[in-house]
Amino acid sequence: MKKLAILFGLLLSFNIFADAKDGVAVLNDDATEKQMQTVRDGAKNRCEDIDDEDKREVCVVDYFAQHNLEEEPSCD
């Protein structure tokens, strides 16, 4: 039973943060604009060093998907 509790705790911790490297939480269904902007900023920080425009866009789309942000990345 103790092992099951530990496993459940680990699974919960993986769902709270999509990426432990940046600590940006996964958005829920009623995310605020501030929370969505945090995800946008995280994607910008994560992907800004990629020189190839297509690869950068894929990076941003993947980041948005990992954090449950359902919008298209802007071209800006």
Quick one: would you say Cys59 is open to solvent by less than 100 Å² (accessible area, probe 1.4 Å), at pLDDT 85 or above and touching a Phe, Trp or Tyr at 6+ places or on another chain (Cβ under 7 Å)? no
Single residue of segment 12-41 satisfying the filter (of a type in the set (A, V, I, L, M, F, W, C), open to solvent by less than 80 Å² (accessible area, probe 1.4 Å) and not in a loop (DSSP other than H, G, I, E, B)) that is modelled with the lowest pLDDT: Ala25
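The values are calculated or read from the model by the stated rules, or taken from the named source; none is laboratory data. Remember, it's a predicted structure, so these values are computed and weren't measured experimentally. Positions of Cβ are backbone-derived with ideal geometry, glycine not excepted, and every protein chain shown enters the neighbour counts. When the accessible area is computed, the model is the full protein with side chains, heavy atoms only, and any ligands, DNA or RNA have been set aside. Shrake-Rupley method; radii C 1.70, N 1.55, O 1.52, S 1.80 Å.
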